[in-house]
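This report refers to the structure that appears directly beneath it.
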Amino acid sequence: MTPHEKKELELAVPEEIPLSTGFEGGIKRNFPESLIVLAKRKLFIFCFVSVVAISSAVISLFLPKAYTARAKMLPPQQSQSIASAMLSQLGPIAPLLTGGIGGLGVHNPSEMYISMLRSRTVADNLIDRFNLMNVHRQKLREEARKKLGSVTEISAGVKDNIISISVEDRDPKRAADIANGYIEELERLTRTLAVTDASKRRLFFERQAKDANEDLANAEQEMKKTEEKTGIIQLDNQAKVMLQAYADLRAEVTVKEVQVQAMRSFATSENPDLQRAETELTALRGQLARLEQGARSGAVVPLQNVPTAALEYIRKLREVKYREALLELMLKQYEIARIDESKDSSVVQVLEGALTPEKRSWPPRTAIVLASTLLALLVAIGTALLMEKLQRAREDPQFAAQLQLFKFYLRGRHQS
């Protein structure tokens, strides 16, 4: 304690309480000395905190405003397919075909659709749609994607799986338009991608039907050449019965092969359904081989006994009949998948469309002022305590001598 402070303390302490009796020591033991220092430098603390608080309030007024728009949507759910009911007319192969193509669903569809919303395709469409490269003053599209991702938050609820989309922008209307644009771009993307079970089936049978149609066109061209070459344009009823039976059996063999191939992509060799399908395929192939070689007895005429000119015609005709039967089966499967897909395509529902926000989300002026004031108070208290320690240190002769020695060595005037 300096002599000046001791003098002031003697004047403030009543005469009946002498300092020499331990009052000064009692202050050191019982009353925090740091509070005395803070009371002594209260003017500095008040001024420093006030300046910081006023400055932060003024700065927060000039910070650019931002608005956040939010939209919520229900993730598309894969409804139960009606294909199994319609495929029953195809016999025992129908449920196996449906299970072979339809067992590719996603356990949690929300995660898949969130990834689609964050995809580069959606981001590029939104950048072009709202001219975000000029809005965010970006020269590179990659930087524009990063900027869009930084102002966008996409998440799904833990329990309800509802997808929430939040977009922050300086223009409140543009923030709402971009949030709604995410949902619109997702709807467009789902129309072009096979993301549901019905879409996968539709895409699979669409390719099969296209190949079958091309094979039928080629078979018809070969049939036309054979008719021009042989001059045969019609066969007797017995040959027609043979051709129809052969075409139907060969179509069944082809469909069974497609079904077995589809099952092998997800089932093991010990799967009972796969084993049963392979057994049926082997039996159908045996019947087809016997029909091609010609039965030794029965009403059907063996192919070997057909005249050479008619044999070539029969082969071309049965190829056309086979391709027609195969195309009919594939088109039927394709139409069933399209019906299921039309059901799934409309399940993207907007729960809450984004509205133009009326209140800004940034800057939080009250929070900024309070945080700055609290931080300034802590800095001012620390500075006041430090200033007090430095003042007392300067009054200590030993500290003054050490400070002079430090300055002397710091200037480099000593000799080593």
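Values quoted throughout were computed directly from the atomic coordinates according to the rules given, and no laboratory measurement underlies them. Bear in mind that the values here come from a model prediction, so they are computed numbers and not experimental data. In this analysis, Cβ positions are derived from the backbone assuming ideal geometry, glycine residues included, and neighbour counts consider all displayed protein chains.
Given 5 Å bins starting at zero, what is the percent of C-alpha pairs of the range 149-231 in each, up to the one with the largest pair distance?
3, 11, 11, 11, 11, 9, 8, 6, 6, 6, 4, 4, 4, 3, 2, 0
Of K229/K321; K139/K159; K173/K200; K200/K256; K200/K225; K139/K200, which ones are farther than 30 Å apart at the Cα?
The answer is K139/K159; K173/K200; K200/K225; K139/K200.
Using Cβ counts within 10 Å as a stand-in for footprinting exposure, how do R392, R411, R323, R338 rank, fewest first? Walk me through the numbers before you get to the answer.
Values: R392 13, R411 8, R323 24, R338 16.
With the sparsest Cβ surroundings first, the list reads R411, R392, R338, R323.
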